[in-house]
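Below: one structure, written as structure tokens.
The values are calculated or read from the model by the stated rules, or taken from the named source; none is laboratory data. Quantities reported herein were computed from a predicted structural model and do not represent experimental measurements. So basically every Cβ, Gly included, is an ideal-geometry build from the backbone, and we count neighbours across all protein chains shown. Note: accessible area is taken over every heavy atom of the protein model, side chains too, but ligands, DNA and RNA are not part of it. Shrake-Rupley method; radii C 1.70, N 1.55, O 1.52, S 1.80 Å.
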Amino acid sequence: MFRFKNKRDWYHTNVLYVAQLTLIFLVTVVAIILMQSLFVLNFENNWSDFARNYYVYHNTFLGNYRPLTYSIFTFLLLGLLLFLLGLIFSIITIWTNKPLVSLLIVMLLNIINIAVTIGKLETLSPFLFTNHLDLMNYMYMVESDQNKFPIGITIYWFVLIAIVYLFGYFFTNKVDFDVEKGEKKFAN
């Protein structure tokens, strides 16, 4: 913490680390997927017959957008989810100073999202993560126009990330980092 001008600068650097880790993870996953499918899959940018039959409700969308666009957008949504969870983990770790507690809270948050979605609690479902990860499910849920790419799903993530980021930004200034305690611990 001595390298930074203030606590907020330190927080901002931690947020950038979370973003870098998220990006590295996504690039690694994409690289693994591409290596596994290099000699197996056909890389034409067309929807398969299975996809056209499975997504019957979304035929207009499938006709307007290619699988590559859909895949890139899906990975973007996954990256936004992972970044948000990393940000929440980071803020809770700053608050509690216990990474295990942070991990448990993030896992609990994820389990609550999944339970509400599986339980089909319609009043809470539109606000949770799981309905904003799958593009096709989101389009069906909000009955969006299939001729336009649903930008509302990304707005949800950016607003949620901005709220959590700002909460952490202002919260970090109120946290007292006890440096002396750490020095005593390692002095013996």
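Considering the range 94-105, the residues that are surrounded by 13 or more Cβ atoms within 10 Å (Cβ to Cβ) and at pLDDT 90 or above include one that is farthest from L160 (Cα to Cα), namely V101.
Please indicate, with yes or no, whether at least one residue in the range 69-83 is under 26 Å from the mean Cα position of the chain (by Cα), of a type in the set (A, V, I, L, M) and loosely packed, with under 13 Cβ neighbours inside 10 Å. Scanning the range 69-83 turns up at least one residue that is under 26 Å from the mean Cα position of the chain (by Cα), of a type in the set (A, V, I, L, M) and loosely packed, with under 13 Cβ neighbours inside 10 Å.
For the range 93-148, a residue qualifies if it is touching a residue at least 24 places away in the same chain (Cβ under 8 Å) and touching a His at 6+ places or on another chain (Cβ under 7 Å), and the qualifying residues are M136, M139, Q146.
In the range 154-173, of all residues being touching a Leu at 6+ places or on another chain (Cβ under 8 Å) and over 21 Å from M139 (Cα atoms), the one that is most open to solvent (accessible area, probe 1.4 Å) corresponds to Y165.
Residues considered: L87, L62, L16, L68. Of these, the only one that is in contact (Cβ under 8 Å) with a residue 12 or more places away in the chain and either under 27 Å from V106 (Cα atoms) or in contact with a strand residue (DSSP E or B) (Cβ under 6 Å, 6 or more places away or on another chain) (or both) is L87. Among the residues in the range 106-113, are any surrounded by 13 or more Cβ atoms within 10 Å (Cβ to Cβ), more than 30 Å from Y11 (Cα to Cα) and within 17 Å of the chain's Cα centre (by Cα)? Checked against the condition, which is being surrounded by 13 or more Cβ atoms within 10 Å (Cβ to Cβ), more than 30 Å from Y11 (Cα to Cα) and within 17 Å of the chain's Cα centre (by Cα), the range 106-113 yields no hits at all.
Taking the residues in the range 1-20 that are aromatic (F, W, Y) and open to solvent by less than 70 Å² (accessible area, probe 1.4 Å) as candidates, determine which candidate is modelled with the lowest pLDDT. Selected residue: F4. Taking the criterion of being modelled with pLDDT of 85 or more and part of a loop (DSSP other than H, G, I, E, B), no residue of the range 22-43 qualifies.
Would you say L82 is in contact with a Lys or Arg (Cβ under 9 Å, 6 or more places away or on another chain) and of a type in the set (A, V, I, L, M)? In short, no. The set of residues from the range 115-148 being farther than 23 Å from S71 by Cβ, open to solvent by 30 Å² or more (accessible area, probe 1.4 Å) and among the aliphatic types (A, V, I, L, M) comprises A115, I118, L121, L124, L128. In this entry, F61 is excluded by the filter for residues that are in contact with a helix residue (DSSP H, G or I) (Cβ under 8 Å, 6 or more places away or on another chain), more than 18 Å from Y165 (Cα to Cα) and open to solvent by 100 Å² or more (accessible area, probe 1.4 Å). A count restricted to the range 59-78 and to residues that are over 21 Å from D145 (Cβ atoms) and aliphatic (A, V, I, L, M) stands at 2. The single condition among (1) modelled with pLDDT under 90; (2) open to solvent by 50 Å² or more (accessible area, probe 1.4 Å); (3) of a type outside the set (S, T, Y); (4) within 18 Å of the chain's Cα centre (by Cα) that F89 does not satisfy is (1). Of all residues in the range 86-94, at least one satisfies being of a type outside the set (V, I, T) and under 28 Å from S144 (Cβ atoms). In the range 21-58, the qualifying residues are those that are within 28 Å of Q146 (Cα to Cα) and in contact (Cβ under 8 Å) with a residue 60 or more places away in the chain, and the one that is most open to solvent (accessible area, probe 1.4 Å) is Y57.
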